[in-house]
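Written below as structure tokens is the structure these notes are about.
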Amino acid sequence: MTLELSLAVCDYDRTRAIFDGRAPIEGCDITAVALEPEEAFHRAFKFQEFDVTEISMSSYLMTLARGEAHYIAIPAFVSRLFRHSSIYIRTDRGIKTPADLKGKSIGLPEYQMTANVWVRGMLEEEYSVKPRDIKWRRGGLEEPGREERARIKLPAEIDLQAVPADRSISDMLEKGEIDGLISARAPRCFLRGAPNVGRLFADYPAVEEAYFKKTKLFPIMHAIGIRRSLVEKYPWVAVSVYKAFVRAKALCMHELGQIGHLATTLPWPVHEYDRARKIMGEDFWPYGAHENKHPLETLARYSHQQGLSVRQVPLDEMFAKPTYELTKI
């Protein structure tokens, strides 16, 4: 029997082989839909539309801690990103260092989104700026009306308020109604070069490289989730899906290293690939639970400390059990 599955994931270079068939999922016939992460998350956590889907690690840990997770994750981390680049500020508010964020009003699309969990954790541990030190203002980045995709109940000391229902935080930043914002996506006002809008860390690659060398953290943003009822009925599905994503990433990395014909539309991608391996290690984008023990446990700790997860989810509960130990020959 061939199992028919629906799949939603962004069309990254590391997932492309899933779409084009070079990395098939054993025993499954896949209907794959390429979606932006925000849409995949909304449809997964609100309506559970897909059998296999890209998921926010923050939303997943929150629902898993409460025993409400409709999906079980596999440790294929299709999105990772240092988030120093995600902090945008008004340059006319005297904000020169992270410490200057204390007492400021900072917008964000969702308090619980993974990027913001990592930023708050980094600000507290590296710069002694605690979540309670900032006035948080939640709203859609470019479109009014965005809400948290998973319910949250924060500590009383956290000042989180929704912006007016007809406003976006990008527009409010441009007009000086907030002092900054944190967003995975760059706000349009910044991309347009609006006056008095900039990044807190202008040379963010250098800051992020130093952060990695100090902490050995390459933040995990998204994993892949499989409908829990499917894994309970067909336990073999988790490993089949995981193996396909591992294969897709391996094909991507092989292509990145080919200098005779470039896989990406950049002049020096092979140089950057070699540089990343020199700084971060040969497998700088590892999949696997044990291979990512440090960033996974750090994210789980941040989620609990920030009042999002009701408990700190241990590593051995995060993923489908068979994916912790694949067959070795």
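The values are calculated or read from the model by the stated rules, or taken from the named source; none is laboratory data. No experiment lies behind these values; they were computed from the predicted model shown. Counting neighbours? That spans all protein chains shown, and the Cβs are built from the backbone with ideal geometry, glycine included. In case anyone asks, the SASA skips ligands and DNA or RNA and just uses the protein heavy atoms, side chains included. Shrake-Rupley method; radii C 1.70, N 1.55, O 1.52, S 1.80 Å.
Listing for the model above:
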item: Coil-residue trypsin sites (Lys or Arg not before Pro) of the range 253-329, DSSP, other Cβ within 10 Å capped at 16; result: Arg311, Lys328
item: Derived scalar couplings ³J(HN,Hα) [the range 53-66; Karplus, 6.51 cos²θ - 1.76 cosθ + 1.60; whole Hz; x for Gly, Pro]; result: 8, 5, 9, 6, 5, 5, 4, 5, 4, 4, 6, 5, 4, 8
item: All Cα pairs of the chain, percent lying beyond 32 Å; result: 30
item: Extension gain, Arg228 back to Lys102 (0.36 nm per residue minus Cα-Cα distance, nm); result: 41.2 nm
item: Surrounding net charge for Thr215, when Lys and Arg each add one and Asp and Glu each subtract one, Cβ distance under 9 Å; result: +1
item: Accessible carbon and sulfur surface of the range 71-190 relative to its total accessible area, %, 1.4 Å; result: 44
item: Dipole magnitude of the chain, debye to nearest 20 (Cβ charges: Lys/Arg +1, Asp/Glu -1, about Cα centre); result: 660
item: Whole-number percent relative contact order across the chain, with pairs defined as alpha carbons under 8 Å at least 6 apart; result: 27
item: Residue-normalised accessible area of the range 222-329, expressed per residue, 1.4 Å probe, Å²; result: 56
item: Rounded tilt (10° steps) of 204-215 against the dominant C-alpha axis of the chain; result: 70
item: For the range 3-100, the fraction of alpha-carbon pairs in successive 5 Å shells from zero, as %; result: 2, 11, 18, 20, 14, 11, 8, 7, 5, 3, 1, 0
item: Cα-based equivalent ellipsoid, the range 11-64: semi-axes from gyration tensor eigenvalues, Å; result: 22, 12, 11
item: Kirkwood hydrodynamic radius of the range 189-329, from inverse mean 1/r over distinct Cα pairs, in Å; result: 18.4
item: Rounded Å value of the spacing that divides the Cα centres of the range 95-138 and the range 263-279; result: 32
item: Per residue accessible area in Å² of the range 1-93, where ligands, DNA and RNA are left out and the probe is 1.4 Å; result: 37
item: Efficiency of FRET from Cβ geometry, Thr265 and Arg188, R₀ 25 Å, rounded to 0.05; result: 0.60
item: In nm, spacing of pseudo-spin labels at Lys175 and Glu291 (7 Å Cα→C-beta vector); result: 4.8
item: Estimated FRET transfer efficiency when R0 is 41 angstrom, pair Thr2-Ala210 (beta carbons, to 0.05); result: 0.25
item: Of Leu315, Leu296, Leu191, the one that fluctuates the most in a GNM where the chain has Cα springs shorter than 10 Å; result: Leu191
item: Distance between the range 292-329 and the range 165-243 - C-alpha centres, whole angstrom; result: 19
